[in-house]
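Have a look at the structure below before the remarks.
The values are calculated or read from the model by the stated rules, or taken from the named source; none is laboratory data. In this text the structure is predicted, and so the values were computed from the model without any measurement. A quick note on method: Cβ atoms are made from the backbone with ideal geometry, for glycine too, and the neighbour counts reach across all protein chains shown. Remember, those area values only see protein heavy atoms, side chains included, never the ligands or the DNA or RNA. Shrake-Rupley method; radii C 1.70, N 1.55, O 1.52, S 1.80 Å.
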Amino acid sequence: MWLTGLVLLLCLPALAEDITAGSSFSPGSAKAVRALTDRDYTTHWAGSGALTIKAEQPIHGLYLCWTQRPEGYTVEGESQGGLWQEVATLPQEGFAHEYVPLEAGYAAVRLQPKGRARLAEIYVLGAGDVPSWVQRWRPTVDKCDMLVLAAHPDDEVVMFGGTLPHYAGQLDKKVLVATMTTPSTRRRSELLDSLWTCGVKDYPVFGSFADKYFRSMSAAYKLWGTRKVRSFVVELYRKHQPEAVVTHDKRGEYGHGAHQLCADVARAAVDYAANPENYVDIYEQYGTWQVKKLYLHLAKEGALEMDWDAPLSAFDGKTGFEVAQDAYQKHRSQHQFGFEVYGRKSRYSSYRFGLVHTTVGPDRQMNDFLENIPSQ
């Protein structure tokens, strides 16, 4: 038995080693270069010229976390003859976190931004399979099974608990996360880290609304603009065609006006998105869409309690709630405020939701946001 296990272990593909610590970077001030590897999203290297990276082992990949993404960039590799040749070009999707594979392996590579750029973190990887923690995003999904509409980064786990680990990570459903607010570069990176931890692979959508604490829904609508808010959510529905939508409590959980707004506009947009006479410009671009199910956090209508305590094989037996807790650790900027992923018995339990709109009948199993919706 032990011999079989040893053979299987030896047959496993080797993971690429993180060789950042043995790499050198130039040019730039010592402080700026250190910022590339301090694993802190509040610091960055800034430049408009080339960044040269040399390593003791062949470089087979770069994982880049941008603060300000350049208009474009190329990656050049140094050949044995000392000549530089272009080996990778800017991915088209425009991700803030992205992986650049360099299959041939190079002793030195040169990152050439086009225009001004700010790079918060860089990871230099050697030969082998890409480790799972390296984010390799898929483009934002055109047609999704579920839309999770969050007011801010961190709400996706604080309020909604195991939703993302269960549906995106375990069931491999197409789950789109959209935030209403425009996050800072730090909070954007924290959200990407959180989503990746939860098994989300489709790049999220970031809204254009200012992040501010609102004491009422009316205050949020007044600052953000009622029509702009409705247009944003109607476009989300029509463009990405979610079967089910999950969003905040109509009372805003602890009274946050932006959370209240999410619940209100999510419900109103169900009707708007289905009617071609509403938001005609968006209709002409994407057509209509009928959301089949809408769940609000903590709603008493169609109330159910999800089970985020079942072990998930996709996460080595961790529960959805435990994965959500791991994901919340990525939101380091928010830890000072005392939030947590709210447990089953909490006043703001991330297990409790209500089905407030359905075109496919009531839930019977009471444990599945996609109940009665055929698999795509």
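Each Cα pair under 8 Å and six or more residues apart adds its separation to the average, and for the chain the resulting relative contact order is 15 percent. The Cα atoms of the stretch 248-343 cover 47, 32, 28 Å along the three principal axes, with the biggest extent listed first.
Couplings 3J(HN,Hα) of the stretch 84-90, computed from phi: 9, 9, 6, 10, 7, 10, 4 Hz, in residue order, whole Hz [Karplus 6.51 cos²θ - 1.76 cosθ + 1.60, θ = phi - 60°; x for Gly and Pro].
Solvent-free Debye calculation, one equal scatterer per alpha-carbon of the stretch 138-229: log10 I(q)/I(0) at 0.14, 0.15, 0.17, 0.25 Å⁻¹ equals -0.51, -0.58, -0.73, -1.28. Note on the stretch 303-368: with neighbouring protein chains present and a 1.4 Å probe, carbon and sulfur make up 45 percent of its accessible heavy-atom surface. Here the accessible area is traced with a 1.4 Å probe on the protein chains. For the stretch 34-84, carbon and sulfur cover 44 percent of it. Taking every protein chain into account, the accessible area of the stretch 85-205 amounts to 32 square angstrom per residue (probe 1.4 Å). Rolling a 1.4 Å probe over the heavy atoms of the protein chains gives the stretch 308-376 an accessible area of 56 Å² per residue. Once the Cα-Cα distance is subtracted from the 0.36 nm per residue extended length, the Asp211 to Ser48 segment shows a gain of 55.7 nm.
Hand me the chymotrypsin sites (Phe, Trp or Tyr not before Pro) from the stretch 130-185 located in a DSSP loop with no more than 16 other Cβ atoms within 10 Å, in residue order please. Here the sparse-neighbourhood loop sites are Trp133.
When the alpha carbon gyration tensor of the stretch 57-146 is reduced to an equivalent ellipsoid, the three semi-axes, largest first, read 24, 17, 11 Å. Ranked by the mean number of other Cβ atoms within 10 Å per residue, highest first, peptides 16-22, 360-366, 261-267, 104-110 order as 261-267, 104-110, 16-22, 360-366.
Taken about its Cα centre, the chain carries a charge dipole of roughly 1160 debye when the Cβ of each Lys and Arg holds +1 and the Cβ of each Asp and Glu holds -1. For Gln365 and Ala268, a Förster radius of 25 Å and the Cβ-Cβ distance give a FRET efficiency of 0.35, rounded to the nearest 0.05. Students often get this wrong, so check it: of Lys173/Lys201; Lys250/Lys293; Lys250/Lys300; Lys54/Lys330; Lys174/Lys212, which have C-alpha atoms separated by over 19 Å? Where the Cα-Cα span goes over 19 Å, the pairs concerned are Lys54/Lys330; Lys174/Lys212.
By the helix-only formula, in which each DSSP H run with n ≥ 4 contributes -39500 (n - 2.57) and the sum is divided by residues, the chain has a 222 nm mean residue ellipticity of -7000 deg cm²/dmol. Membrane-span-like helices of the chain, defined as complete DSSP H segments with a Cα extent of 30 Å or more along the helix axis and a mean Kyte hydropathy of at least 1.6, are absent. Could you give log10 I(q)/I(0) at q = 0.10, 0.14, 0.15 Å⁻¹ for the chain, computed by the Debye formula over C-alpha point scatterers of equal weight, without solvent? Per q value, in the given order, log10 I(q)/I(0) is -0.71, -1.18, -1.28.
Over all other residues within a Cβ to Cβ distance under 15 Å of Glu371, the charged ones net out to -2, with Lys and Arg as +1 and Asp and Glu as -1. In whole angstrom, the stretch 1-156 maps to an equivalent ellipsoid with semi-axes of 27, 25, 16, each derived as √(5λ) from the alpha carbon gyration tensor and ordered largest first.
Can you pull the percent of the stretch 113-212's accessible area that's carbon plus sulfur, 1.4 Å probe, other chains left in place? Working shown, then result.
On the way: 1380 of 2920 Å².
C and S fraction of accessible area: 47 percent.
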